[in-house]
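Each remark here refers to the structure printed beneath this line.
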Amino acid sequence: MSRSLILNKRAKAISLSFIHFLFLFTCSSILFFSNSCRLYKLEKELNPANAEFLFEVKYIITKKERKIFLELPDSEREKFKEEFWKRRDPDPDTEENEFKMEYFNRIEKANEFFISEGKPGWLTDRGRIYILFGPPTERITNPLGADPFRRCREIWYYRTFPVVFTDSTCTGNYRLVTYDLTPLRDLNQMYMHELNRAQAEAKKTFEREEGFFDFDWRVKKTVVETGRVEAMIFIEIPYAALWYKAEDDRLETTLDLHLELKDFENKVIWEYEEAFEIAMKEYELKERQKEKHKIEIPFILEENLDRLRQGKILLYAVLKNRTGGKESQKVMEFTL
């Protein structure tokens, strides 16, 4: 779990609405250069069902999974959801997914236990800690007057490790003040149930097996004229994410790339397909583990541009690693 950020007094004085305005302004200015702004825009365009899924799993989804989910076409997102829960199932041989059941069970309990803060209990600081680490072995509450600074306070103990929440106004709004929760992740406690064990195993598996084949991509328009648009598609695939086969003294694989540009009536207006072969010595692959294979695809549009400028155009990409059989699909909005 990442550390909570401590806002200084100056930052606290800035209203949430002003922060939201600044973020939107920044995104509109540097959309093609900022990955976080692009993902923010994609999240705002999710349909209600997909937005609800992403919101519900906010405590357990990894940054990489979130990025992949947002960049998928709508048709592939249901498959992603199934795989998301499947990867966290501690016992795939049973019909029930114990991890999923326990996760939502803890959300329900958090909503019952922490109802005094004007929002669903699972979205409070106490709710988040309860969901991620389970019920504490001991819970101590200090009412008004028990604290020298006249604050209400709760202390949760996980074995001997304390997690402290304070309510400065004693109105039921508790905030987490134990920011370093690293020791909790190191505790091997029975009361954390299957959720924490399954979560730890899921993360290990994810990092080791790279279960989702991913790539980065962007589009840069080089010429924009009344009757002509030229652009370049840049695709980058980490060498470490690819599967290879051994041929003599080399490691080889092939990437199959298919691109489609569709207009607002879902008609294909541009299409591209190509196979890219990668071959190198084993020592070369070791040297390139942190590097990416780069592909650049140019394209030109000259017909019906006035019509195409009237609606949304979508660029689809399907990249397949032929050796391992893994495939990744993405979609982005493209404007003329």
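Structural remarks
- Across region 231-240, the qualifying residues are those that are surrounded by 15 or more Cβ atoms within 10 Å (Cβ to Cβ) and touching a residue at least 60 places away in the same chain (Cβ under 8 Å), and the one among them that is nearest to residue 290 (Cα to Cα) is 237.
- Each residue in region 28-45 was checked for being at pLDDT 50 or above, of a type in the set (S, T, N, Q) and over 14 Å from the mean Cα position of the chain (by Cα), and 1 of them qualify.
- Of all residues in region 268-281, those satisfying the criterion of being under 20 Å from residue 237 (Cβ atoms) and either part of a strand (DSSP E or B) or touching an Asp or Glu at 6+ places or on another chain (Cβ under 6 Å) (or both) are 272, 273, 274, 275, 276, 277, 278, 279, 280.
- Among the candidates 78, 95, 52, the residue that is within 15 Å of the chain's Cα centre (by Cα) and either part of a loop (DSSP other than H, G, I, E, B) or not hydrophobic (A, V, I, L, M, F, W, C) (or both) is uniquely 52.
- Unique residue being surrounded by fewer than 19 Cβ atoms within 10 Å (Cβ to Cβ), small (Gly, Ala, Ser) and out of contact with any Gly (no Cβ under 7 Å at 6 or more places or on another chain) when the list is 75, 116: 75
- When 284, 296, 265, 303 are screened for being in a strand (DSSP E or B) and among the acidic types (Asp, Glu), only 296 passes.
- Given (1) at pLDDT 85 or above; (2) in a loop (DSSP other than H, G, I, E, B), index of the condition residue 66 fails: (2)
- Evaluated against (1) under 30 Å from residue 328 (Cα atoms); (2) of a type in the set (A, V, I, L, M); (3) touching a residue at least 40 places away in the same chain (Cβ under 8 Å), residue 101 falls short on exactly one condition, (3).
- Any chance residue 324 is at pLDDT below 90, part of a loop (DSSP other than H, G, I, E, B) and surrounded by 14 or more Cβ atoms within 10 Å (Cβ to Cβ): yes
- Residue that is at pLDDT 65 or above, crowded, with 17+ Cβ neighbours inside 10 Å and more than 20 Å from residue 62 (Cβ to Cβ), where the choices are 272, 244, 179: 244
- The set of residues in region 247-269 that are under 28 Å from residue 311 (Cα atoms) and surrounded by 12 or more Cβ atoms within 10 Å (Cβ to Cβ) comprises 257, 258, 259, 260, 261, 262, 263, 264, 269.
The values are calculated or read from the model by the stated rules, or taken from the named source; none is laboratory data. Only a predicted model underlies this, so the values are computations on that prediction, with no experimental measurement involved. Cβ: placed from backbone, ideal geometry, glycine included. Neighbour counts: every protein chain shown.
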